[in-house]
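Q: If you scroll down you'll find the structure; I have some questions about it.
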Amino acid sequence: MAQASRRDVPLEVAGFLLALGGLAVLARGVVDASPVVFFYTDVEREAMRGGREVMLVGTAILIAAALLLAARGRLLRAVAVAAPALVCTPLAFGAGPGASWALWLFLPLGVLALTACVPRRPGLGES
């Protein structure tokens, strides 16, 4: 059993690094796509469009990280890792300018995802 867990360590680390990258990209996009203050200028609208495109890339990366965790049987952790992308990206696309819901929800969901993606040592409550 310990040998099987040791072979899974590279997958855990890859999932962690992928999730970190996805969170960083998603954070960068959500800051532009979901501004707290919006004055309806052309520059702000272009930044919002660009932020939404960046969020799509971050979403794809986080989904890939979640799939790595799900492949190892860590379904709850996989859902937690994908949560910022699954909640914030649709909010950023659906909410109008000046609605910063995606930004505010990214903060707790990002912490949740970061906590869930940390590799666990075998024998610490997980099989």
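The values are calculated or read from the model by the stated rules, or taken from the named source; none is laboratory data. Everything numeric here is computed off the predicted structure, so don't read it as measured data. Ideal geometry is used to build each Cβ from the backbone, glycine not excepted, and the neighbour counts take in all protein chains shown. Calculation scope for accessible area: heavy atoms of the full protein, side chains included, ligands and nucleic acids excluded. Shrake-Rupley method; radii C 1.70, N 1.55, O 1.52, S 1.80 Å.
Q: Given a cut-off of under 8 Å on Cα pairs at least six residues apart, what relative contact order in percent is computed for the chain? It would help to have the intermediate numbers written out before the result.
A: On the way: 189 pairs, mean separation 40.9, N = 127.
Normalised by residue count, the contact order of the chain is 32 percent.
Q: Measure nothing but the geometry: give the 0 to 90° angle between the long axis through the Cα atoms of 75-94 and the longest principal axis through the Cα atoms of the chain, rounded to 10°.
A: Around 10 degrees separate the two axes.
Q: Starting with the highest mean, order 64-70, 111-117 by the number of other Cβ atoms within 10 Å, averaged over the residues of each peptide. Walk me through the numbers before you get to the answer.
A: Numbers: 64-70: 21.9, 111-117: 18.3.
Highest mean packing first, the order is 64-70, 111-117.
Q: Could you run the Debye sum over the Cα atoms of the stretch 8-48, one equal point scatterer each and no solvent, and tell me log10 of I(q)/I(0) at q = 0.14, 0.21 Å⁻¹, two decimals?
A: Computed log10 I(q)/I(0) values: -0.46, -0.67.
Q: V57 to V118: extension gain in nm, 0.36 nm per residue of separation minus the Cα-Cα distance?
A: Working: separation 61, 0.36 × 61 = 21.96 nm, distance 2.14 nm.
Stretched out fully, the V57 to V118 stretch lengthens by 19.8 nm.
Q: Further question: First measure r as the distance between the Cβ atoms of W104 and D42, then evaluate 1/(1 + (r/R0)^6) with R0 = 22 Å and state the FRET efficiency to the nearest 0.05. Walk me through the intermediate numbers first.
A: On the way: r = 25 Å, r/R0 = 1.15.
For R0 = 22 Å, the calculated efficiency reads 0.30.
Q: Further, regarding this structure: Tell me, Kirkwood radius of the chain from alpha-carbon pair distances, in Å? Numbers along the way, then the final one.
A: Details: mean 1/r = 0.0665 Å⁻¹.
Taking the inverse mean of 1/r over all distinct Cα pairs, the chain comes out at 15.0 Å.
Q: Please report the carbon-and-sulfur percent of the accessible area for the chain; probe 1.4 Å, protein heavy atoms only, DNA, RNA and ligands left out. Write down the numbers at each step before the final one.
A: Values: 5090 of 7100 Å².
Of the solvent-accessible surface of the chain, carbon and sulfur hold 72 percent.
Q: With springs only between Cα atoms under 10 Å, which of P108, P84, P35 fluctuates most in a Gaussian network model of the chain?
A: Most flexible of the set in this elastic network: P108.
Q: Say we join alpha carbon atoms closer than 10 Å with springs in a Gaussian network model of the chain; which of G22, G50, G58 then has the biggest fluctuation?
A: Among G22, G50, G58, the largest GNM mean-square fluctuation belongs to G50.
Q: So with the 1.4 Å probe, I'd like the accessible area per residue for the chain, rounded to whole Å². Before the final figure, lay out the partial values.
A: Numbers: 7100 Å² over 127 residues.
So the chain comes to 56 Å² accessible per residue, rounded to a whole number.
Q: For the chain, find the longest principal axis of its Cα atoms and tell me its angle to the long axis of helix 2-33, 0 to 90°, nearest 10.
A: 10
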